[in-house]
1. Could you please give the count of residues in region 75-100 that are in contact (Cβ under 8 Å) with a residue 24 or more places away in the chain and more than 21 Å from Arg33 (Cβ to Cβ)?
2. Please state which of the following conditions Glu43 fails to meet, knowing it meets all the rest: (1) closer than 24 Å to Asp92 by Cα; (2) not in a loop (DSSP other than H, G, I, E, B).
3. Quick test of your reading of the structure: Glu108 fulfils all but one of (1) within 19 Å of Gly22 (Cα to Cα); (2) not in a loop (DSSP other than H, G, I, E, B). Name the failing condition by number.
4. Among the charged types (D, E, K, R), within 19 Å of Asn34 (Cβ to Cβ) and in contact (Cβ under 8 Å) with a residue 12 or more places away in the chain - does that describe any residue in region 65-74?
5. Within region 55-80, track down each residue that is in a loop (DSSP other than H, G, I, E, B) and at pLDDT 95 or above.
Amino acid sequence: MPLHTHIPEQPEGAELHGFPRGFTVVEGAPAVRNWRYYGSEAEGAQTFSGVWECTPGRFAFRFEHWEFFHILSGRLRLTPAGGAPLLLGPGDAMAMEPGFAGEWEVLETMRKHYVTRYRP
């Protein structure tokens, strides 16, 4: 396995479809596309990275994993459980710990670079 992986802003190749574990659609019919460019099971954890895209809609979520993401395009309203909404757009980034929960509303089709890490 190479020691580096390029993750392009404009994805190409095979796509994965569907929402990550812990996501439940509550409004609309958002469609998801995911281009996974990197995967590793080193150090007893699963780590993935790629580009994720979602059309408008609203869903509840509870993260079972750690994630960092950077928004490339589109707009998102992220409301942590019991917290104030955050409006996020191109250039914004966020890191979330396992157990982070709330509501995710895609206002304009969004695309993000992501890195996730699942521990057993």
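The values are calculated or read from the model by the stated rules, or taken from the named source; none is laboratory data. Quick caveat: nothing in here was measured; it's all calculated off a predicted structure. Counting neighbours? That spans all protein chains shown, and the Cβs are built from the backbone with ideal geometry, glycine included.
1. 6
2. Unmet condition: (1).
3. With (1) within 19 Å of Gly22 (Cα to Cα); (2) not in a loop (DSSP other than H, G, I, E, B) applied to Glu108, the lone miss is (1).
4. Yes, the conditions are met somewhere in region 65-74.
5. Listed by number, the residues that qualify are Thr55, Pro56.
Let's see how each residue does on (1) modelled with pLDDT under 95; (2) surrounded by 13 or more Cβ atoms within 10 Å (Cβ to Cβ); (3) of a type in the set (S, T, N, Q):
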site	(1), (2), (3)
His4	yes, no, no
Trp35	yes, yes, no
Gln46	yes, yes, yes
Trp104	yes, yes, no
Met110	no, yes, no
